[in-house]
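The values are calculated or read from the model by the stated rules, or taken from the named source; none is laboratory data. All values derive from a computational prediction rather than experimental measurement. Using ideal geometry, Cβ is built from the backbone for each residue, glycine included, and neighbour counts are taken over all protein chains shown. Ligands, DNA and RNA are excluded from the accessible area calculation, which covers all protein heavy atoms including side chains. Shrake-Rupley method; radii C 1.70, N 1.55, O 1.52, S 1.80 Å.
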Amino acid sequence: MLVTKGEYEIDDDPGRIDLDVVHRFLTTSYWAAGVPRDVVARSVANSLVLGLYHGGGQGGQDAQVGLTRVVTDRATFAWVADVFVLPGHRGRGLAHWMIETLLAHPDMAGMRRFMLATSDAHQVYADCGFTPLTDPGRFMEIKRPPREPYEEA
C-alpha cells in the first residue's frame, strides 16, 4: 500500500524502513528510551509498519521521517505502537494522516479493536476516532522491566 500527499508518502513496504532512523528516534522517546537496535529490528520485522517518507533525501532517495508500527493478528486486534514524526516535519497533520492510512489499510479491514497508549498525543488519536477505554477495569497487564542495559523511561 503506497499513498501520496504532496511531498510525502506512506508505504507499508518493510524493506524501505530505515532502522537507523527508527532506532535513533525510539531510543530517545519516553516509551522506549534506550531500546537496543536488535529489539527495534525484531519489533519491525514482526509488525505491520507504515513508513512516512519525504522526497529529496540523500542521493535523491526519499528520507524516512516517521513511522507507525502495529502489532496485530490481522483479523480482530491491533495495538498501535511507535507512532512518530521527526521534529522538522511536525505540525503538518502527518501523524493524523498516518493513523487514517493505518485504519484504511486492507489488513485492518474488519478489525474489532484497536488499542494504544499515549501520554501526549490524545487529540491526534481522538480526531481519528479513538476514545478512552469503555471499561478499563476489564484490562490487565504484566509489566516486566526490560533486560539490562535497556531501561524504560
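How much net charge surrounds M1 when only the other residues with a Cβ under 14 Å from the Cβ of M1 are counted, with Lys and Arg +1 and Asp and Glu -1?
Numbers: positive: K5, R16, R74; negative: E9, D11, D12, D13, E100, D107.
In short, -3.
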Cα atoms only, the range 100-143: Rg and Dmax in Å?
12.3, 32
Quick check: residue separation of V39 and L103 times 0.36 nm, minus the Cα distance between them. What number comes out in nm?
20.5 nm
For G66, what charge total do you get from the other residues with a beta carbon under 15 Å from its beta carbon, if Lys and Arg give +1 and Asp and Glu give -1?
-4
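With all protein chains present, how much of the accessible area of the range 1-120 (probe radius 1.4 Å) comes from carbon and sulfur, to the nearest whole percent? Write down the numbers at each step before the final one.
Working: 3070 of 5990 Å².
Result for the range 1-120: 51 percent of the exposed heavy-atom area is carbon or sulfur.
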How far is it, in nm, from the label point at L133 to the one at R113 when both lie 7 Å from their Cα along the line to the Cβ?
1.0
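Could you give the length gained on full extension between R90 and L2, defined as 0.36 nm per residue of separation minus the Cα-Cα distance, in nm? Let's see the in-between values first.
Working: separation 88, 0.36 × 88 = 31.68 nm, distance 2.06 nm.
Additional length available on full extension: 29.6 nm.
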Report the residue, chosen from A126, A81, A63, that carries the largest GNM mean-square fluctuation when the chain is represented by alpha-carbon nodes joined by springs under 10 Å.
A126
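Using only the Cα atoms, work out Rg/Rh for the range 1-98, with Rh taken as the Kirkwood radius, to two decimals. Kindly include the intermediate steps, with their values, before the conclusion.
Working: Rg = 13.0 Å, Rh = 13.8 Å.
Using Cα coordinates only, the ratio equals 0.95.
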Provide the per residue accessible area, probe 1.4 Å, for the range 1-102, rounded to a whole number of square angstrom.
47
For the range 61-121, just the Cα atoms, rotate onto the principal axes and tell me the three extents in Å, largest first.
35, 30, 16
